[in-house]
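Accompanying notes for the structure given below.
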Amino acid sequence: MRVLIHAVFAAILLGSLASRERSAEAPVDESGLEAAVLRAGRSEGLRFLQYGGADMGWGRAMAFSAPGCSRPMLVTWRPATFEDEAATVSALQGDYRRLYVYFDRKWDRPDRWAVSMQRVKYGLLAIFGRTDYATSDLILQIDAPRDCWAAENMDWRPAWNRTDRK
């Protein structure tokens, strides 16, 4: 019985160390985050135009042209806590709409609960090595023209991909 208890504690220790190592692979600096967005956007057929708009929080906005969109789409990383939401809402242009993206989920308004559930889900999957995606305390904020459906149809998961970083 004593050996079994020690084995269980050893497995918990090794699992927590592996989980910690895997979660540390998330991009942490601004250039790494921007590169991940650029890769994800290009893989979906977007063309990077320039850094544009105001710095809306954590990082610079990246302007992309997208098929079927009359004006550029602005993409930036921001904290998932939405603490700076009042300031960023005032920066939104009237003919644009905003999406918040975390992995494969998109919302048209801040939803801390839903983002937290996604973080828990992918955190658990990472512990058991069942995902290539790294959890983060940052989400993507996408400001797109109202006629731009590309923003809603895009798959942004590669922005969190831990194995596809170059």
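If residue 82 meets every condition in (1) surrounded by 14 or more Cβ atoms within 10 Å (Cβ to Cβ); (2) among the hydrophobic types (A, V, I, L, M, F, W, C); (3) modelled with pLDDT of 80 or more apart from one, which number is that one?
So the condition that residue 82 fails would be (3).
For the stretch 28-40, what are the residues that are at pLDDT 60 or above and not small (Gly, Ala, Ser)?
Keep residues of the stretch 28-40 that are at pLDDT 60 or above, which gives 31-40.
Selection gives 33, 34, 37, 38, 39.
The conditions are (1) in contact with a strand residue (DSSP E or B) (Cβ under 9 Å, 6 or more places away or on another chain); (2) at pLDDT 85 or above; (3) within 21 Å of residue 161 (Cβ to Cβ); (4) basic (Lys, Arg), and residue 98 fails exactly one of them. Which is it?
So residue 98 meets the others, but not (3).
With the condition kept exactly as written, say whether any residue in the stretch 7-27 is over 23 Å from residue 157 (Cα atoms), modelled with pLDDT of 80 or more and either surrounded by fewer than 12 Cβ atoms within 10 Å (Cβ to Cβ) or of a type in the set (D, E, K, R) (or both). Spell out how you get there, then give the answer.
Here is the first cut: in the stretch 7-27, the residues over 23 Å from residue 157 (Cα atoms) are 7-17.
Next, from what is left, pick out any that are modelled with pLDDT of 80 or more: none.
Checking the stretch 7-27: not a single residue is over 23 Å from residue 157 (Cα atoms), modelled with pLDDT of 80 or more and either surrounded by fewer than 12 Cβ atoms within 10 Å (Cβ to Cβ) or of a type in the set (D, E, K, R) (or both).
Out of curiosity, is residue 76 in contact with a Gly (Cβ under 6 Å, 6 or more places away or on another chain) and modelled with pLDDT of 80 or more?
Details: in contact with a Gly (Cβ under 6 Å, 6 or more places away or on another chain): yes; modelled with pLDDT of 80 or more: yes.
Answer is yes for this residue.
Just the residues that are assigned to a loop (DSSP other than H, G, I, E, B) and within 14 Å of the chain's Cα centre (by Cα), please, taken from the stretch 113-164. Working first, answer last.
Step one: of the stretch 113-164, the residues assigned to a loop (DSSP other than H, G, I, E, B) are 128-132, 134-137, 146-149, 154-156, 162-164.
132, 134, 135, 136, 137, 154, 155, 156, 162 - these are the residues of the stretch 113-164 that are assigned to a loop (DSSP other than H, G, I, E, B) and within 14 Å of the chain's Cα centre (by Cα).
Restricted to the stretch 109-166, and to residues that are surrounded by fewer than 20 Cβ atoms within 10 Å (Cβ to Cβ) and of a type in the set (S, T, N, Q), which residue is modelled with the lowest pLDDT?
Step by step, filter the stretch 109-166, then rank; the result is 163.
Of the conditions (1) modelled with pLDDT of 75 or more; (2) of a type outside the set (Val, Ile, Thr); (3) within 15 Å of residue 139 (Cα to Cα), residue 43 satisfies every one except a single condition; which number is it?
(3)
The values are calculated or read from the model by the stated rules, or taken from the named source; none is laboratory data. These numbers come from a predicted model, not from an experiment. Neighbour counts are summed over all protein chains in view; Cβ atoms, including those assigned to glycine, are modelled from backbone coordinates with ideal geometry.
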